[in-house]
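The numbers here are math on the coordinates, done by the rules we state, and not lab data. In this text the structure is predicted, and so the values were computed from the model without any measurement. When we count neighbours, we look across all protein chains shown, and the Cβ atoms used for this are built from the backbone with ideal geometry, even at glycine.
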Amino acid sequence: MTYQTIEAQSIAGSLGAEVTGADLSKPLTNAATDDIQKALWDHKVIFFRDQDLSPEDHLRIAGTFGDVYRVPFVKARDDYPDIIDIVREEADAGKYNFGGVWHSDASFDECPPMGSVLYSLESPPYGGDTLWTNMEAAYEALSDGMKSLLDGMNAMHSAERNYGSGGYFNDDDNQSVAMDIKPSESGDARIAHPVVRTHPVTGKKSLYINPVYTVCFEDMTEEESAPLLGFLHGHAIRPEFTCRFDWTTHAVAIWDNRCTMHFAIGDYDGHRRHMNRVTVAGERPA
Ligand SMILES: O=C(O)CCC(=O)C(=O)O
Ligand SMILES: [Fe+2]
């Protein structure tokens, strides 16, 4: 895969590439914008290091992919309502860790985000890596019988376990020190999405379930759904489908939220980690 203005070096066999040759603090030429988009479709998550971004730069990069998605339940920055601060303080040691479970962002929404642009403002001295997994590769590796079974199924997604009225964040013991996360009754809603979705740009099929927001298959109980969902979740995070990014301060990750899951590793107790995220709106999964 070659590009006119950038180079992309894979960091793992299945997905993820580090991109060089782009200065994201400057408005991008049309050719550079096309290249970066193509690199994202090719690699599903792309990384840039040593980028000195203002909030305006950050918003402009995200804007090349689409409209901003306002993240529910998580309070945005006061000065930039389209940017969320993702912070884990020293005092969050041993508990709170935003994104510390395999998930696809906001799959509980009717139209979940297309992707995100995540920027590191402060990386801990060690740890705090993020993992991504390739849900297209996970789908491809299934047997023909399993593929045709799943092709016709829907699953129910909900924020209920995290942000619902009985969810994790409704417990005072689970509050973040720095982030303001507001559970509400709207978090209890459920929405059906296809278990196998087709990417609107590449036309490729991928698994679209995740262990946080997918509660059951449509028209089945949670108990009935758990064995197959459990198998699929374990299958989807087989190490060969994943990549791992070791953040450095001022690095950027852009991921396609439609064909990946990710996991933020909270293994840096006693240190601070601070990220900014701009989320890009997406379409209804089909
Ligand atoms: O902090 C991270 O590495 C990722 C957290 C997360 O899940 C997200 O920003 O969507
Ligand atoms: Fe996330």
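Between the range 5-24 and the range 160-183, how many Å separate their Cα centres?
36 Å
Any idea what the dipole of the range 72-280 comes to, in debye rounded to 20, about its Cα centre with Lys/Arg Cβ at +1 and Asp/Glu Cβ at -1? Working shown, then result.
On the way: 17 positive and 33 negative charges, 122 e Å.
With Lys and Arg at +1 and Asp and Glu at -1, about 580 debye.
Can you give me the P(r) profile for the range 103-154? Cα pairs, bins 5 angstrom wide beginning at 0, each as a whole percent.
4, 12, 15, 18, 18, 14, 8, 6, 5, 1
Can you give me the distance in nm between label points at Met1 and Ser143, each placed 7 Å from the Cα along the Cα-to-Cβ direction?
Spacing of the two 7 Å Cα→Cβ label points: 3.1 nm.
If I take the Cα coordinates of the chain and project them onto the principal axes, what are the three extents in Å, biggest first?
Computed over the chain, the largest-to-smallest principal extents equal 51, 45, 32 Å.
Using modelled backbone amide H atoms (1.01 Å from N, in-plane), which distant-in-sequence or interchain residues come within less than 5 Å of Cys216's amide H?
Met156
So what's the convex hull volume per residue for the Cα atoms of the range 214-262, in Å³? Can you show the working numbers first?
Values: hull volume 4.9 nm³, N = 49.
Value for the range 214-262: 100 Å³ per residue.
Which distance in Å, rounded to a whole number, links the C-alpha centroids of the range 217-286 and the range 42-76?
17 Å
Would you calculate the separation in nanometres between label points at Tyr126 and Leu59, each defined as 7 Å from the Cα along the Cα-to-beta-carbon direction?
Result: 3.9 nm between the two label points.
For Thr198 and Glu110 in the same chain, what is the full-extension length gain: residue separation times 0.36 nm, less their Cα-Cα distance, in nm?
Value of the extension gain: 30.1 nm.
What FRET efficiency do you get for Thr29 and Ala189 if R0 is 41 Å and r is their Cβ-Cβ distance, rounded to the nearest 0.05?
Between Thr29 and Ala189 the formula returns 0.45.
Say a paramagnetic label sat at a point 7 Å from the Cα of Arg284, along Cα to Cβ; which residues of the range 83-119 have their backbone N under 12 Å from it?
110-112
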